[in-house]
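A quick write-up on the structure given underneath.
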Amino acid sequence: MSLFGFLAKDKIQNENKTKPFHENKSADERRDWFSRTKPWHKVPPQIIDAIIDKFGDDPLFEVFVITSMEQGLVGEYEAIGETELVGIPDSACGEIAKILFLKGAAAAQKFSQLFQQGADRAKLTPLYAVALNCLESSVTVSHLCIDSYIQLAALRMSVGRNDDARKWVEAGLRAAQELANCTDAMRQSKIESIVNAPVSIEQAQAILLSMKEELMR
């Protein structure tokens, strides 16, 4: 593509540069905001619609939008439009949840390392915020993202928020059970990753149950 063609493709009619996301009060307003705001304008409409359906009026929606922009994740959402998942809302959301999980888990790991080393608050706070925002957004986009529940529970436990950790453990166990109910169908799949999924589900359930026992002590 020529430079002129690239610039023409990136041009937005009536581009939004001033309206913050939280001022949108309806799905239509949010849809319009995404279509006129960089870099979201490049994300396929089908994916935007799926995201809007998942978050609705949840205040976490703005957290997701801002965090995705700050962490450079929007381009990865855009890339989903080049796959067959673009026309399957739940699958597209599952992929977005995976992207958020990976970013959140990496931040959580770094936070844990620095926390154990006694790092000061100035270094810990940004990492904690990225981890929490990404992981909470991931389970909103896809409530079956079991690994995110594990990370969220561990993150909250690390700062003494055990009541909140219990909430994430219980939510993770419910999601794991929902997936476990489908394991027979998974084993009949011709896709290797799906065939092997029951093992991962069992492992996640074991971790969550272990965390539950620890929190009961």
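Every read-out reported here was derived from the displayed coordinates using simple, explicitly stated rules and does not represent laboratory data. Bear in mind that the values here come from a model prediction, so they are computed numbers and not experimental data. Here the Cβ is made from the backbone with ideal geometry for all residues, glycine too, and neighbour counts use every protein chain on show.
The charge dipole of the range 49-150, taken about the Cα centre with unit charges on the Cβ atoms of Lys, Arg (+1) and Asp, Glu (-1), comes to about 660 debye, rounded to the nearest 20.
The gain in end-to-end length when the residue 163 to residue 60 segment is fully stretched comes to 35.1 nm, 0.36 nm per residue minus the alpha carbon separation.
For residue 24, nonlocal amide neighbours, meaning residues 5 or more places apart or on other chains whose placed amide H falls under 5 Å from its own, do not occur. Note on the range 62-117: semi-axes of the ellipsoid equivalent to its C-alpha gyration tensor, largest first and rounded to whole Å, are 27, 12, 9. If you line up the long axis of helix 60-70 against the longest principal axis of the chain, both from Cα atoms, how many degrees apart are they, to the nearest 10? Orientation of helix 60-70: about 70 degrees from the principal axis. Backbone geometry of the range 171-177 corresponds, through the Karplus equation with coefficients 6.51, -1.76 and 1.60 at θ = phi - 60°, to 3J(HN,Hα) couplings of 5, x, 5, 5, 5, 5, 5 Hz, x marking Gly and Pro.
Packing, as the average of other Cβ atoms within 10 Å across residues, places the peptides 168-177, 18-27 in the order 168-177, 18-27, highest first.
For the range 26-142, the relative contact order is 30 percent, taking Cα pairs closer than 8 Å that sit 6 or more residues apart in sequence and dividing their mean separation by the residue count.
When only Cα pairs below 8 angstrom with a gap of at least 6 residues are kept, the chain shows a relative contact order of 14 percent.
For the range 92-108, the Karplus equation 6.51 cos²θ - 1.76 cosθ + 1.60, evaluated at θ = phi - 60°, returns couplings of 5, 5, x, 5, 5, 4, 5, 4, 5, 4, 4, 5, x, 5, 5, 5, 5 Hz by residue, with Gly and Pro reported as x.
Segment residue 182..residue 14, full-extension length gain: 55.8 nm, with 0.36 nm per residue of separation and the alpha-carbon distance subtracted. Per residue of the chain, the DSSP helices (runs of n ≥ 4 H) give a summed -39500 (n - 2.57) that works out to -23000 deg cm²/dmol at 222 nm.
This model, with +1 at the C-beta of Lys and Arg and -1 at the C-beta of Asp and Glu, gives the chain a dipole about its Cα centre of some 560 debye. Consider the candidate values [x] 0.98; [y] 0.96; [z] 1.01; state which one is Rg/Rh (Cα atoms, Kirkwood Rh) computed from the structure displayed. Computed from the coordinates, Rg/Rh (Cα atoms, Kirkwood Rh) corresponds to [z]. The length gained on full extension between residue 29 and residue 83, counted as 0.36 nm times the residue separation minus their Cα-Cα distance, comes to 16.7 nm. The C-alpha atoms of the chain define a longest principal axis, and helix 121-141 lies at about 80 degrees to it.
Label positions at residue 22 and residue 210, each projected 7 Å from the Cα along the C-beta direction, are separated by 4.0 nm. Two decimals is fine: what is log10 I(q)/I(0) at q = 0.12 Å⁻¹ for the range 72-197, from a Debye sum with one equal scatterer on every Cα and no solvent? Reported log10 I(q)/I(0), two decimals: -0.53.
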